[in-house]
Amino acid sequence: VYMDAHPTLVIPFPHGRITGDDVSLKNQRRVAEYSVTANREILLDSRTNARFLIEERVDTQLNIDLKKGIESITRQSFDDECLNILLKWACMQNGDNLIEIYHNSDFVGWQGTFRRIANAFYNKDSMGIVAIKVDGVIFLSETTRAYAQESDRWVTKAPFYMGYCPFKFNQIMTTDSEGKRDHDDSLDNRPSFNVMVRSELINSKIEESISLCVGSSVEAMNEQGRAVEFRALYKWANNKSPLRNMNAILRCDLTDLDSVIFGYRDDNFMLEKTKSMRREDFCSILRGLHSRSYEFLFDILKGIKKFLSTVDVDASVVELPVQTENGLMVQITASTKEETKGILTDEFKRRFNVSTI
């Protein structure tokens, strides 16, 4: 840590440093289930609003129109919510000890945030993270990502269909909690089913672990009560992307997914077939490459913990990855009030007596 007017921690990743031999993500367990309504209210009603997989539509040929019901779609529209849902959930729990509420986790954040940090080792995409420490728990929020931002995929006809397909595919493959099939209906603003999964990044070489509490929506559950996820693709060739397979295995591990179910469509947006892939399938494709992403994620999270414990600040900004001729570099600096503004909600601050952020 460079202790000057603006404290900075630099984590170098020279070529060859990351081997992936020693770090793994283990001990996943679901610690919370809840629903989120279209107006962003939380329902602590367990699985009432969960969707359930139609098993007979997995690994089979189909002929279903993915455009059906598109004329009367109800679009969701809500503000940039960052960590709002995860914070609101905490405010609804008993007690005021955040470490206990988040099940003794070091870090709290959305699965997409942890996944994008891990993936940055390969795709080299620049991103910013704000890390805020409150009563021993570190909350992670992205600075360069517009949460829930509307995309131009919803504007013109063909991109609109492409944006609509994943949601329609989900509807086609699932029933509600009472077994009702509604794939002929238009999409609506039904509540989403969410979970929190606690896991541990374990570095066996130095015998250290970092615990995560990961929030995520669950698209459906199978007969065994395990979470599954859907991906709508244009023909099988699109499934050969290394980044797509890396994203899939990271999702499997971070949110304890049983499998990812791919749906393949033709040029007319007709669903032709489905294929399920489990974690071990992605492992055989990637041949251990994902382990390097976990080592990269471990080193960054360890750096954030070190910075926030060494420097007398409650929040930091993480810039990653910076490319140099010798490899990658990640920089952690003390954040400004402007950079942390709006990340913690007023309700959360009042509930847990937070006054320094």
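The values are calculated or read from the model by the stated rules, or taken from the named source; none is laboratory data. A quick note: this is a predicted structure, and the numbers were derived from the prediction, not measured. For neighbour counting, all protein chains shown are included, and Cβ atoms are generated from backbone atoms with ideal geometry for every residue, glycine included. To get the accessible areas, we keep the full protein, side chains included, count just its heavy atoms, and leave off ligands, DNA and RNA. Shrake-Rupley method; radii C 1.70, N 1.55, O 1.52, S 1.80 Å.
Worth pointing out:
- Mean shadow area of the chain over all directions, Cα convex hull, nm²: 18.7
- Residues of the chain: accessible area per residue with a 1.4 Å probe, Å²: 47
- The chain: calculated mean residue ellipticity at 222 nm from DSSP helix runs of at least 4, using -39500 (n - 2.57): -8000 deg cm²/dmol
- FRET E, pair T48, Y234, Förster distance 30 Å, beta-carbon r, rounded to 0.05: 0.30
- With 5 Å bins from 0: P(r) over the stretch 263-326, alpha-carbon pairs, percent: 3, 12, 12, 12, 12, 12, 10, 10, 9, 5, 3, 1
- Note on M270: accessible area is roughly 40 Å² with a 1.4 Å probe, heavy atoms of protein only.
- Accessible surface of the chain [probe 1.4 Å, protein heavy atoms]: carbon and sulfur percent: 45
- Label-point separation, R17 to E338 (7 Å along Cα→Cβ), nm: 3.0
- Approximate shape of the stretch 223-338 as ellipsoid semi-axes (Cα gyration tensor, √5λ), whole Å, largest first: 37, 17, 15
- Of interest is the spacing of the C-alpha centroids, which for the stretch 5-51 and the stretch 253-270 amounts to 21 Å.
- Structure note, pairs K88/K337; K205/K349; K68/K124: Cα-Cα distances above 31 angstrom occur for K205/K349; K68/K124.
- Orientation-averaged projected area, Cα convex hull of the stretch 83-149 (nm²): 5.0
- D59 sits among other residues whose Cβ lies under 15 Å from its own Cβ, and their net charge, with Lys and Arg +1 and Asp and Glu -1, is -1.
- Cβ-derived FRET efficiency at R0 35 Å, R287 paired with D312, nearest 0.05: 0.20
- L62, L289, reordered so the largest accessible area comes first (probe 1.4 Å): L289, L62
- Take each peptide in 278-286, 40-48, count the other Cβ atoms within 10 Å of every residue, and average; sorted highest first, the result is 278-286, 40-48.
- Here K26 is the anchor, and the aspartates and glutamates within straight C-alpha reach of less than 16 Å, apart from those fewer than 8 places off in the same chain, are D106, E200, E207, E208, D253, D256, D258, E280, E295.
- Kirkwood hydrodynamic radius of the stretch 7-61, from inverse mean 1/r over distinct Cα pairs, in Å: 17.2
- For the options Q331, Q61, Q111, a Gaussian network treatment of the chain with springs between C-alpha atoms closer than 10 Å singles out Q61 as fluctuating the most.
- Projecting label points 7 angstrom from Cα along Cα→Cβ for K305 and K205 puts them 1.7 nm apart.
- Gyration tensor (Cα) of the stretch 166-210, equivalent ellipsoid semi-axes in angstrom: 40, 11, 10
- Using the Cβ of S192 as centre and a radius below 11 Å, the other residues enclosed give a net charge of +2, where K and R count +1 and D and E count -1.
- Qualifying lysines (Cα of each under 21 Å from Cα of K275; at least 8 residues distant if same chain): K67, K168, K235, K240
- Estimated vicinal HN-Hα couplings, Hz - the stretch 82-93 in sequence order (Karplus 6.51, -1.76, 1.60; Gly, Pro = x): 6, 9, 3, 5, 5, 6, 4, 4, 4, 5, 8, 8
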